Amino acid sequence: MNNKTILITGGSKGLGLCTTRRLLEKGTQVIVLSRSEGELGELLATYPKHLHWLRADFADTASIAGAFEQVKAITPKLGALILNAAQTVPMPFAQMKIADLEQNISVNVTSALLCLQYSLELLRGGRAIFISTESVDKPFPLLSVYAATKAAVETTFNGLRGELYQEFKIQLTSLRAGYMADTAFGEAWPPEMAATFFKLAEESGSLRAGGSPMPTSRVAAMIEHILELPQDVTINRLDVRSGDSF
């Protein structure tokens, strides 16, 4: 992978940061799109020639378009696109306002599809990996809309797989990640809402079903595995869950 440039959305924290670090350690050129520099400071200092960070607000289509103009100025070709950026905010459905629904859709669906669309010419002969969630099949309490947005992109990937391979030779993979430690999950939630979520998740059995939280490196290793596949081989969907999940 050291002769490829890989673009990661949401690569400044959690799984995205772990994946960025592992790719850089292998000599890969990495472009990270995220709302803030997050925890990238050390990597930017260590890999100044291999890591590019570009600011992108995934709720703002103009910001995404502008970021991709900068991507094109950095490289004429991408080996892979990893769609990792997402917003996860628990909320009772009855309390959701139009703005809440629109924010979920714009960050989790629209931004992912725009990033894919803007990457098509750069990504010829490459791969796009969408980071989905185990909760598509079993939504966590207060996160049903989040699970639905992930399912929407998965379904779009299923429909586009033949079309994009025929025209651009791009392989599409959805990776459903299970419960992970060391992520940004829940860190910005209001304390009262976080307490309610974890109480309901425990009572519903969702936390038990997810098993012990995995290190993000386990999922990052599976992303690397997909990236290292020969181009005439693909994985349509990969579920990566804790060994004691059920």
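Within the stretch 178-196, one or more residues are in contact (Cβ under 8 Å) with a residue 24 or more places away in the chain and within 20 Å of residue 157 (Cα to Cα). Can you tell me which of 186, 211 is in contact with an Asp or Glu (Cβ under 6 Å, 6 or more places away or on another chain) and on the phi > 0 side of the Ramachandran plot? From the options 186, 211, the qualifying one is 211.
Each residue in the stretch 123-138 was checked for being surrounded by fewer than 19 Cβ atoms within 10 Å (Cβ to Cβ) and touching a Phe, Trp or Tyr at 6+ places or on another chain (Cβ under 9 Å), and 2 pass.
Screening 99, 147 for residues that are touching an Asp or Glu at 6+ places or on another chain (Cβ under 9 Å), without any contact (Cβ under 8 Å) to a residue 40 or more places away in the chain and at negative phi leaves exactly one candidate, 147. Scanning the stretch 114-140 for residues that are polar (S, T, N, Q), in contact with a helix residue (DSSP H, G or I) (Cβ under 9 Å, 6 or more places away or on another chain) and part of a helix (DSSP H, G or I) gives 119, 135.
Among the residues of the stretch 202-220, is any of a type in the set (D, E, K, R), surrounded by 15 or more Cβ atoms within 10 Å (Cβ to Cβ), at pLDDT 95 or above and closer than 22 Å to residue 19 by Cβ? Scanning the stretch 202-220 turns up at least one residue that is of a type in the set (D, E, K, R), surrounded by 15 or more Cβ atoms within 10 Å (Cβ to Cβ), at pLDDT 95 or above and closer than 22 Å to residue 19 by Cβ. Where residues in the stretch 153-199 are more than 15 Å from residue 133 (Cβ to Cβ), at pLDDT 95 or above and among the aromatic types (Phe, Trp, Tyr), which of them is surrounded by the fewest Cβ atoms within 10 Å (Cβ to Cβ)? Going through the qualifying residues, I end up with 165.
Within the stretch 49-94, being assigned to a loop (DSSP other than H, G, I, E, B), under 18 Å from the mean Cα position of the chain (by Cα) and over 15 Å from residue 107 (Cα atoms) holds for 78, 79.
On the stretch given as the stretch 72-95, residues that are in contact with a strand residue (DSSP E or B) (Cβ under 6 Å, 6 or more places away or on another chain) and surrounded by fewer than 21 Cβ atoms within 10 Å (Cβ to Cβ) total 3. When restricted to residues that are over 27 Å from residue 124 (Cα atoms) and touching a Leu at 6+ places or on another chain (Cβ under 6 Å), the stretch 1-48 contains 3.
The values are calculated or read from the model by the stated rules, or taken from the named source; none is laboratory data. Remember, it's a predicted structure, so these values are computed and weren't measured experimentally. Note: ideal-geometry Cβ built from the backbone for every residue, glycine included; neighbour counts use all protein chains shown.
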